[in-house]
1. Of all residues being at pLDDT 95 or above and assigned to a loop (DSSP other than H, G, I, E, B) in the stretch 204-223, which is surrounded by the fewest Cβ atoms within 10 Å (Cβ to Cβ)? Just the residue, please.
2. Could you tell me whether the stretch 327-340 includes any residue that is surrounded by 18 or more Cβ atoms within 10 Å (Cβ to Cβ), outside the structural domain of Met95 (by TED's automatic domain parsing), modelled with pLDDT of 95 or more and not β-branched (Val, Ile, Thr)?
3. Out of (1) crowded, with 19+ Cβ neighbours inside 10 Å; (2) in a loop (DSSP other than H, G, I, E, B); (3) not assigned by TED's automatic domain parsing to the domain that holds Ile322, what's the single condition that is false for Ser249?
4. Specify the residue that is farthest from Lys299 (Cα to Cα); the eligible residues are those in the stretch 422-442 that are free of Cβ contacts under 8 Å to residues at least 40 places away in the same chain and in contact with a helix residue (DSSP H, G or I) (Cβ under 8 Å, 6 or more places away or on another chain).
5. Among the residues that make up the stretch 379-394, is at least one of them in contact (Cβ under 8 Å) with a residue 12 or more places away in the chain, farther than 30 Å from Gln272 by Cβ and buried (at least 21 other Cβ atoms within 10 Å of the Cβ)?
6. Is it true that Arg227 is more than 24 Å from the chain's Cα centre (by Cα) and crowded, with 21+ Cβ neighbours inside 10 Å?
7. Looking only at the stretch 357-378, how many residues end up being in a helix (DSSP H, G or I) and either free of Cβ contacts under 8 Å to residues at least 60 places away in the same chain or basic (Lys, Arg) (or both)?
8. When residues of the stretch 164-176 are filtered for being touching a residue at least 60 places away in the same chain (Cβ under 8 Å) and surrounded by 20 or more Cβ atoms within 10 Å (Cβ to Cβ), how many remain?
Amino acid sequence: MKVQCEKRIALRWRVVQRFLVDMEKANSDQPESRITRKSYDCHASLSTHHPSRITLMMVAGEASGDKHGAALARALRRLYPETEFEIFGAGGDEMREAGVETLVDARDVAIIGFIEIARALGRLYRAFRSLIAEARERRPDAVVVIDWPDFNLRVARRMRLDGFKVVYYISPQVWAWKRHRIRRIRRDVDRMLVILPFEEEFYRKHSVEVEYVGHPLAQAVRATATRDQFARRHTLDPSRPMIALLPGSRKKEIHYHLPAMLDAARRLSSAQVEIRVGGSTPFHQLPGLEPEIPNRKSKISASQFLIPLASTIERSQVESEIGEAKSAGALDITIVERDLYDALCHAEFAVVASGTATVETALSGTPMVIIYRGSELNWRLIRPLIHLDTFGMVNLIAGRRVVPELIQHDVTGEKIAREVLAILSDPARLSRMREDLAYIHERLDAAGDGGPERAARAVMRLIGG
């Protein structure tokens, strides 16, 4: 039985590898001489383009990339009002609201894990071919790929061969794992726009054209409503503790993270530890917002649990998991849509899946525990490729572990609840974590003006705008 299972795993892995090779070769039936000529013609046209109109292809396949892409599109139009921008590509709701024509919906391609990719080969391949065909038809002045390296590095390769200028915004974590990707980035990307302070030096050491543009969230994460206003908006009690649960932005992340988070919530609902409610001020908030309730204490058992819904996740999937959890015991859970930053800023604590959400939580000043769990196969395949002993972005930015991490087999309701209670019941530790988060905020905000604005200027410089 074990041998048969290992054979199936090996077969699926070979299918994934074959898919990745096919994507590299997709639509590459032209002789190299023709590609070289097209590259020359394309760059010649870019150097003489009329600045009143610019066409960009922007490719994002995850909730965080959708957010960053939308901010970049808005920054371009805000900084260059005299220019008409035509932006198309892949993205989600936020990019569409920012005026980006999304030929590929991020919900359809937000996939992680080798087995999951194997099951979605056809969908990913169609998305890839659709984007390449559209780029060849519209001839964008530049292609901006955002994070999502498994897909975007192949888009960058194809676009580079076709002669387009390629900007990579939001670097893959090559400094943490899969360092062999640096060679591909150096070959296929005209300019890396990085958002973490240490990334610029890392890429320069590897002879990659790079520019540090500051973190796009440094000045974006802020409270826009008072605690009372936020509570009324979502039918919450502002005098009771709020604990945010952020399970991720992909369907599989919800599958692996949310049940453990809900089990932890159930355990916390019976804990008798006292915690402070309200009274803390978010690092950023709109002028005129002042706390409307006094700083007071409450039992953690009175907590309300908030689940901010990522734009790439269907509400029904989360509701299904909540329904199963409630059948095992009463839980006070509220799904919060399109109000992430107020939810984080007014939460007393958060349990957060590893990823961009950990940075957003840190920038809100909210203490947290970071978790990450995937399929056993993915874990066995990926673990040997990781070069660091910590995986939380917040800890990587700080240069040390300031927030506890639970990974893979440690992601259980019991262990999550134990970590939360250990922090909330230790005022000195809680205060120290808030100070560390303030340091992270200061470090990410050191670049000055917002990351999207600096990224927009860098894109325009590259294309000669």
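The values are calculated or read from the model by the stated rules, or taken from the named source; none is laboratory data. Every value quoted in this text rests on a predicted model; they were computed, and no experiment measured them. Reconstructed Cβ throughout: ideal geometry from the backbone, glycine too, with neighbour counts over all protein chains shown.
1. The residue in question is Ser207.
2. The answer is yes, given that some residue of the stretch 327-340 is surrounded by 18 or more Cβ atoms within 10 Å (Cβ to Cβ), outside the structural domain of Met95 (by TED's automatic domain parsing), modelled with pLDDT of 95 or more and not β-branched (Val, Ile, Thr).
3. Every condition holds for Ser249 apart from (3).
4. Applying the first criterion (free of Cβ contacts under 8 Å to residues at least 40 places away in the same chain) to the stretch 422-442 yields 422, 426-429, 431-432, 435-436, 442.
Among the residues that remain, those that are also in contact with a helix residue (DSSP H, G or I) (Cβ under 8 Å, 6 or more places away or on another chain) are: 422, 429, 436.
Working: Ala422: 14, Arg429: 18, Asp436: 25 Å.
Among those residues, the one meeting the criterion is Asp436.
5. Yes: the stretch 379-394 contains one or more residues that are in contact (Cβ under 8 Å) with a residue 12 or more places away in the chain, farther than 30 Å from Gln272 by Cβ and buried (at least 21 other Cβ atoms within 10 Å of the Cβ).
6. Details: more than 24 Å from the chain's Cα centre (by Cα): yes; crowded, with 21+ Cβ neighbours inside 10 Å: yes.
Here the answer is yes, as Arg227 does meet what is asked.
7. Taking the stretch 357-378 as the starting set, the residues that turn out to be in a helix (DSSP H, G or I) are 357-364, 376-378.
Okay, now just the ones that are also either free of Cβ contacts under 8 Å to residues at least 60 places away in the same chain or basic (Lys, Arg) (or both), so 358, 376.
Result for the stretch 357-378: 2.
8. 5
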